[in-house]
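S.K.: Pasting in a structure now, in structure tokens, and then I'll have a few things to ask.
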Amino acid sequence: MDQATLTRSLLYLDGINVTFDGYKALRGLSLTLEPGEMRAIIGPNGAGKTTMMDVITGKTRPDEGDVYFGGSQDLTQLDEATIAELGIGRKFQKPTVFESHTVEDNILLALKAPRKAIATLFGRAAADQQSRIDRILETVRLSDHRDRFAADLSHGQKQWLEIGMLLAQDPKLLLVDEPVAGMTDSETAQTALLLKAIAEDHSVIVVEHDMDFVRELGVKVTVLHEGSVLAEGPLEAVSADPRVVEVYLGR
Amino acid sequence: MSQLLTRVDRRAHIAILLLIAIAVLVPVLALATPPRSLFHLPPYLVALFGKYLCFALLAVALDLVWGYCGILSLGHGAFFALGGYCMGMYLMRQIGTRGVYADPILPDFMVFLNMKALPVTWWGFNHFPYALLMIVLVPGVLAFAFGWFAFRSRVTGVYLSIITQAMTYALLLAFFRNDMGFGGNNGLTDFKDILGFNVQSDATRAALFAITAIVLAATLLIAQLIVTSKFGKVLIAIRDAESRTRFIGYRVENYKLAVFTLSAVLAGIAGALYVPQVGIINPSEFAPTNSIEAVIWVAIGGRGTLVGGALGAVLVNWGKTYFTGALPEYWLFALGLLFILVTLFLPQGIVGLVSRRRTIPEAPRGGDVEEGKVDSADVPAAAR
């Protein structure tokens, strides 16, 4: 890929290789994401979806390849905390919230603010802190649950809380891993609306198995298979691709 | 100020007021009442409970790292002992010519070991402010160095517990050696006075007790303010979901390092208060079992409650004093049984029994009505 693509894209992955104990999790994965774009990533288990997220967020260092954010930041050289501060938020597959904190405190901790120990110990809260928390709770429909412990929320509510925590970081890019796994149909529909609303002013990558959900999002789809990109394009085109059908049904 | 005080919960309020009350009452009852009076406190009880309060301070320090940040240190006894040794070295240098060998500079054991000059490690310990500084610095610097490597390498869970245990064991072996210059096997003892007051007099004992109670009250207050600050919320977040905390941009290792170092300093202060009250410090204070017992105090009192750790330390040690007097061979069985029973039936410890508000939630329960159990399907509908 050329220099122009690199500088224009928000996220630029080129020729990523990751090997775990001889197992090639990613082989030559390349992918670019435009600013403001929402992208759905699908692929069978073991296709490398989670490893790709690990590479972007600094959890895994690739053996080979380039990862650039915003055209200039080399993500392979940075750790998780720095990457988070650059503006990449990540939602895990399994809802991961701070169970013994209240819903409100979960958002408070994620809220964009100084992260240093000195600042959290002696610093004062920002004046608009409460209104920002209120706005996010409203977006993720948890205003009525603000004083409950996160541990007491339902599965779907925890997923929303985690999306809310992502929003609170005010990231440029959100990585969302299987947001509707384990959700009821109505929760799934609400989540699709929520993500669409978020995508209006953020770039989003959604990894998802649920095809109805991906269809509802109505965005460009990337199919991963055995650690590299198999097909890319609108869902209709991708699902008509014989190689994609082969990968999903040929096993 | 008043805003800060609202962050101190009722439990801590009661504990702090109680400690201030006994800091005043105990010296009065011990010194100003006639020995035959019903209200008279015998001096041995003052010393005994003074010792318990030192253990309570150690327990609060441990709860700060374990209860709030999830760092299970099995080596906090080492920081306690190091603080104790620093105080012991000051007390040794106060003996002067009153020792058996009457050497004005060298403590008895050094004369006995044919040491000609005072080792560098002992320089300055004749000055009380220097000793105070070392009581803070020695455990603090060790904890900082240890934590720097351990937390940066992301050593967590049981592996971290094991290396803290190894640390205290290594110190135990080192301090046993005579050529370390800290009195070897026998440690430091035969103390005469502290700041010019006879360490064994009833008045000094009562004063040490009062100081310990005040220090414990102040520690509870500060610790309570720390854990209710945003910093404290981050600590709890690390305990609950460490990688989540990292992915929202907190440098987990710095938080762990800060709280671990603070906790070690508090443990060192506890040790320094302990030594003049018991009159001896020797390498057995580094024994791994001491550190493990401290963990049991916190578990029994109530992890993540601060006051619980202090309560657990006093109650368990009271029980230990009684048991080792009445049925010495059964004490360890009793302690083990107590630990198992508390873990099984009182996961929140004694404090959890009293307070209704949960501090550490139980494992999430499944089966909510709204919750749909859908396995993530490998085959997407696109391919149908």
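S.K.: Rounded to the nearest 10 Å², what accessible area does B:PHE109 have for a 1.4 Å probe in the complete protein model?
M.R.: Looks like 30 Å² after rounding.
S.K.: At a probe size of 1.4 Å, how large is the accessible area of A:ASP105, to the nearest 10 Å²?
M.R.: Per-residue accessible area (A:ASP105): approximately 30 Å².
S.K.: Okay, next question. Relative contact order for chain B using alpha-carbon pairs under 8 Å, separation at least 6, rounded to a whole percent?
M.R.: Normalised by residue count, the contact order of chain B is 31 percent.
S.K.: Something else now. Could you please state how large a percent of the accessible area of segment B:9-287 is carbon and sulfur, counting protein chains only and using a 1.4 Å probe?
M.R.: Within segment B:9-287, the accessible surface is 70 percent carbon and sulfur.
S.K.: Give the accessible area for B:MET180 in Å² (nearest 10); use a 1.4 Å probe, count only protein heavy atoms, and leave out ligands, DNA and RNA.
M.R.: Using a 1.4 Å probe on the heavy atoms, I get roughly 70 Å².
S.K.: Using Cα pairs under 8 angstrom and six or more residues apart, how large is the relative contact order of chain A, in percent?
M.R.: 26
S.K.: Please report the buried accessible area for the interface of B with A, total over both chains, probe 1.4 Å, in Å² to the nearest 100.
M.R.: Summing both sides, the interface buries roughly 4200 Å².
S.K.: With helices defined as uninterrupted DSSP H runs, which ones in chain A have an alpha carbon span along their own long axis of at least 15 Å and mean Kyte-Doolittle hydropathy of at least -0.5?
M.R.: A:155-168, A:185-199
S.K.: Hey, another quick one. Give me the angle, in degrees from 0 to 90, between the Cα long axis of helix B:331-345 and the longest principal axis of the Cα atoms of chain B, rounded to the nearest 10.
M.R.: 30
S.K.: Under a straight-distance cross-link criterion of Cα-Cα below 29 Å, which lysines are reachable from B:LYS230, leaving out those fewer than 8 residues away in the same chain?
M.R.: Partners within reach: A:LYS59, A:LYS91, A:LYS94, A:LYS112, A:LYS116, A:LYS158, A:LYS172, B:LYS256.
S.K.: Starting from the amide H of A:ASP241, placed 1.01 Å from N in the peptide plane, find each other amide H under 5 Å away whose residue is 5 or more places distant or on another chain.
M.R.: none
S.K.: Over segment A:94-251, what percent of the accessible surface lies on carbon and sulfur atoms, probe 1.4 Å?
M.R.: Whole-percent figure for carbon plus sulfur exposure: 52.
S.K.: Please name the residues of segment A:105-122 whose accessible area, counted over protein heavy atoms with a 1.4 angstrom probe, falls by no less than 50 Å² between the chain alone and the full protein assembly.
M.R.: The answer is A:LEU109, A:ARG115, A:ALA117, A:THR120, A:LEU121.
S.K.: Need one number: % antiparallel among DSSP beta bridges in the protein assembly as shown, to the nearest 5.
M.R.: 60
S.K.: Continuing with the same structure: Let me spell out the model: positive unit charges on the Cβ of Lys and Arg, negative unit charges on the Cβ of Asp and Glu, origin at the Cα centre of chain B. What dipole size does that give, in debye rounded to 20?
M.R.: On the way: 28 positive and 20 negative charges, 146 e Å.
For chain B, the charge dipole is close to 700 debye.
S.K.: Based on alpha-carbon centroids, what's the gap between segment B:282-339 and segment B:32-106 in Å, whole number please?
M.R.: Value for the Cα centre distance between the two parts: 16 Å.
S.K.: Can I ask one more? Normalise the Debye intensity by I(0) for the protein assembly as shown, one equal point scatterer per Cα, no solvent, then take log10 at q = 0.08, 0.09, 0.10 Å⁻¹ and round to two decimals.
M.R.: -0.69, -0.82, -0.94
S.K.: In the protein assembly as shown, with Lys and Arg counted as +1 and Asp and Glu as -1 at Cβ, which of these residues, A:THR184, B:LEU91, A:ILE56, has the Cα nearest the positive end of the dipole, that is, farthest along it?
M.R.: My answer, from the dipole projection, is B:LEU91.
S.K.: Just the accessible area per residue of chain B, please: how many Å² with a 1.4 Å probe? Write down the numbers at each step before the final one.
M.R.: Working: 17810 Å² over 384 residues.
In whole numbers, chain B has 46 Å² accessible per residue.
S.K.: Quick query: amide H of A:VAL229 versus all other amide H atoms, modeled in the peptide plane; which residues come in under 5 Å with a sequence gap of 5 or more or a different chain?
M.R.: Those qualifying (amide H under 5 Å, at least 5 residues apart or on another chain) are A:SER30.
S.K.: Here's another thing I want to ask about it. Just how large is the dipole of chain A about the Cα centre, in debye to the nearest 20, putting +1 at every Lys and Arg Cβ and -1 at every Asp and Glu Cβ?
M.R.: Roughly 380 debye for chain A.
S.K.: Residue by residue through segment B:169-178, which ³J(HN,Hα) values in whole Hz follow from phi under the Karplus form 6.51 cos²θ - 1.76 cosθ + 1.60 (θ = phi - 60°), with glycine and proline marked x?
M.R.: For segment B:169-178, the Karplus curve yields 5, 4, 5, 4, 5, 5, 6, 6, 6, 4 Hz.
S.K.: Relative to the first principal axis of the alpha-carbon coordinates of chain B, what is the inclination of helix B:230-240, with its axis defined by its Cα atoms, in degrees from 0 to 90 and to the nearest 10?
M.R.: 70
S.K.: Using modelled amide H (1.01 Å from N, peptide plane; none on Pro or chain starts), what sits under 5 Å from the amide H of B:ASP193, excluding residues fewer than 5 places away?
M.R.: For B:ASP193, the qualifying residues are B:VAL199.
S.K.: Which whole-Hz couplings ³J(HN,Hα) result when phi for each residue of segment B:193-199 is put into the Karplus expression 6.51 cos²θ - 1.76 cosθ + 1.60, θ = phi - 60°, listed in order with x for Gly and Pro?
M.R.: Computed from phi, the couplings for segment B:193-199 are 8, 10, 6, x, 9, 4, 5 Hz.
S.K.: Compute the accessible area per residue over segment A:76-158, keeping the other protein chains in place, probe 1.4 Å, unit Å².
M.R.: The answer is 46 Å² per residue.
S.K.: Counting only protein heavy atoms, probe 1.4 Å: which residues of segment B:250-269 lose 30 Å² or more of accessible surface in the full assembly compared with their chain by itself?
M.R.: Residues shielded by partner chains are B:TYR250, B:ARG251, B:TYR255.
S.K.: Further question: Considering only A:ALA197, A:SER239, A:VAL140, whose Cα is most displaced toward the positive end of the charge dipole of chain A, charges sitting on Cβ of Lys, Arg (+1) and Asp, Glu (-1)?
M.R.: Among A:ALA197, A:SER239, A:VAL140, the one farthest towards the positive end of the dipole of chain A is A:VAL140.
S.K.: So, with +1 on the Cβ of K and R and -1 on the Cβ of D and E, and no other charges, what is the size of the charge dipole of the protein assembly as shown about its Cα centre, to the nearest 20 debye?
M.R.: In debye, rounded to 20, the protein assembly as shown gives about 2240.
S.K.: Among B:VAL26, B:GLY75, A:LEU153, pick out the residue whose Cα is farthest towards the positive end of the charge dipole of the protein assembly as shown, where Lys and Arg carry +1 and Asp and Glu carry -1 on C-beta, about the Cα centre.
M.R.: Checking the options against the dipole of the protein assembly as shown, the answer is B:VAL26.
S.K.: While we're on this one: Order B:SER291, A:SER143, most accessible first, counting only protein heavy atoms with a 1.4 angstrom probe. Spell out each step's value before the answer.
M.R.: Details: B:SER291 0, A:SER143 40 Å².
Largest to smallest exposure gives the sequence A:SER143, B:SER291.
S.K.: Right, here's the next one. Quick check: the angle from helix B:128-152's long axis to the longest principal axis of chain B, C-alpha only, nearest 10 degrees?
M.R.: Long axis of B:128-152 versus the principal axis of chain B: about 30 degrees.
S.K.: Sticking with this structure for a sec: Leaving ligands and nucleic acids out of the surface, order A:LEU11, B:LEU346 by accessible area at 1.4 Å, largest first.
M.R.: Largest to smallest exposure gives the sequence B:LEU346, A:LEU11.
S.K.: Counting only helical runs of four or more DSSP H residues, what would the 222 nm mean residue ellipticity of chain B come to if each run contributes -39,500 (n - 2.57) and the total is spread over all its residues?
M.R.: That comes out to -21500 deg cm²/dmol.
S.K.: If one computes P(r) from the Cα atoms of segment A:83-155, what percent of pairs lie at distances over 20 Å?
M.R.: Considering segment A:83-155, 37 percent of its Cα-Cα pairs are separated by more than 20 Å.
S.K.: Around A:GLN77, what is the net charge, scoring Lys/Arg as +1 and Asp/Glu as -1 over all other residues with Cβ under 12 Å from its Cβ?
M.R.: Cβ neighbours under 12 Å give a net charge of -2.
S.K.: Would you calculate the convex hull of the Cα atoms in chain B and tell me its volume per residue in Å³?
M.R.: 197
S.K.: In segment B:1-36, which trypsin sites (Lys or Arg not before Pro) fall in coil by DSSP and have 16 or fewer other Cβ atoms within 10 Å?
M.R.: Qualifying residues, ordered by number: B:ARG7, B:ARG36.
S.K.: Once every DSSP H run of n ≥ 4 in chain A is given -39500 (n - 2.57) and the sum is divided by its residues, what mean residue ellipticity at 222 nm do you get, rounded to the nearest 500 deg cm²/dmol?
M.R.: -11000 deg cm²/dmol
S.K.: Measuring from centroid to centroid over Cα atoms, what is the spacing of segment A:156-228 and segment A:101-138 in Å?
M.R.: What the calculation gives is 24 Å, centre to centre.
The values are calculated or read from the model by the stated rules, or taken from the named source; none is laboratory data. Owing to the predicted nature of the structure, the values given are computational and were not obtained by experimental measurement. Cβ coordinates were reconstructed from backbone atoms using ideal geometry, including for glycine residues, and neighbour counts include every protein chain displayed. Remember, those area values only see protein heavy atoms, side chains included, never the ligands or the DNA or RNA. Shrake-Rupley method; radii C 1.70, N 1.55, O 1.52, S 1.80 Å.
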